[in-house]
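Q: One structure, as structure tokens, below. Some questions next.
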Amino acid sequence: MAIERTLAIIKPDATRAKNAGKIIDMIEAHGFTIVGMKKMQLTREQAEQFYAVHKARPFFGELTEFMVSGPVIVMALEKENAIAQWRKLMGETNPANAATGTIRKLFGTSIGDNAVHGSDSPETAKFEVSFFFPELK
Ligand code: ADP
Ligand code: MG
């Protein structure tokens, strides 16, 4: 299994609820190395570019509105099989369907306000990590 990088975002619902520390603690406890991290307020343009794959979805407006509603914490995570491992720790998109002990089960409140983001493939991870961390080689 190869060492991979993936992009994680602690979304505005979770930073508002002051759950960021607990989420970062879980990330480290599960053996991820945080190779980049910054807290930032996304612009609408950044949110729309980042989620461009969802442009045609009915929830695109709601999603981008939510992502600019407060600060986010973006992180580049490194681990063996990081992309799948981070998605496993996040849990299903809808917190109601997420497994016990996952971040979305613990901290998500709806399918939109689901606390965290994670890249879904090696191609997406490459795009997303370089989107926020162009300095990481
Ligand atoms: P994931 O984040 O699990 O990869 P998607 O890529 O399908 O899920 O969707 C991106 C994000 O858009 C979700 O994490 C969630 O915040 C939001 N979202 C997805 N589906 C809906 C929906 N039906 N209504 C509102 N927001 C949604
Ligand atoms: Mg996705």
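Q: Which order do peptides 120-131, 79-90 fall in by mean Cβ count within 10 Å, highest first?
A: With the highest mean Cβ count within 10 Å placed first, the list reads 79-90, 120-131.
Q: Filter the DSSP H helices in the chain by two things, a Kyte-Doolittle mean of at least 0.0 and an axial alpha-carbon span of 15 angstrom or more, and list the hits by number.
A: Membrane-span-like by this criterion, though nothing is claimed about a membrane: 122-132.
Q: Sort out for me the Cα centre separation of the range 16-35 from the range 97-134, rounded to whole Å.
A: Each part's Cα centre sits 13 Å from the other's.
Q: Kindly write out, for the range 100-115 in residue order, the coupling ³J(HN,Hα) from the Karplus curve 6.51 cos²θ - 1.76 cosθ + 1.60 (θ = phi - 60°), rounded to whole Hz, with x marking Gly and Pro.
A: Here the 3J(HN,Hα) series is 4, x, 7, 5, 5, 5, 6, 10, x, 10, 7, 4, x, 8, 10, 6 Hz.
Q: If you don't mind, there's one more thing I want to ask. Quote the charge dipole size of the range 9-136 about the Cα centre in Debye, to the nearest 20; the model charges only the Cβ of Lys and Arg (+1) and of Asp and Glu (-1).
A: Numbers: 15 positive and 15 negative charges, 55 e Å.
Dipole about the Cα centre, nearest 20: 260 debye.
Q: Which one, W86, G108, G118, projects farthest toward the positive side of the charge dipole computed for the chain from Cβ point charges (K/R +1, D/E -1)?
A: G108
Q: Follow-up question, since we're still on this one. Per residue, what volume in Å³ does the convex hull of the Cα atoms of the chain enclose?
A: So the per-residue hull volume is 103 Å³.
Taken together, the values in this text are just the output of simple stated rules run on the coordinates, not laboratory data. These numbers were taken from a predicted model, which means no experiment stands behind them. Every residue, glycine as well, gets a Cβ built from its backbone with ideal geometry; the counts of neighbours run over all protein chains shown.
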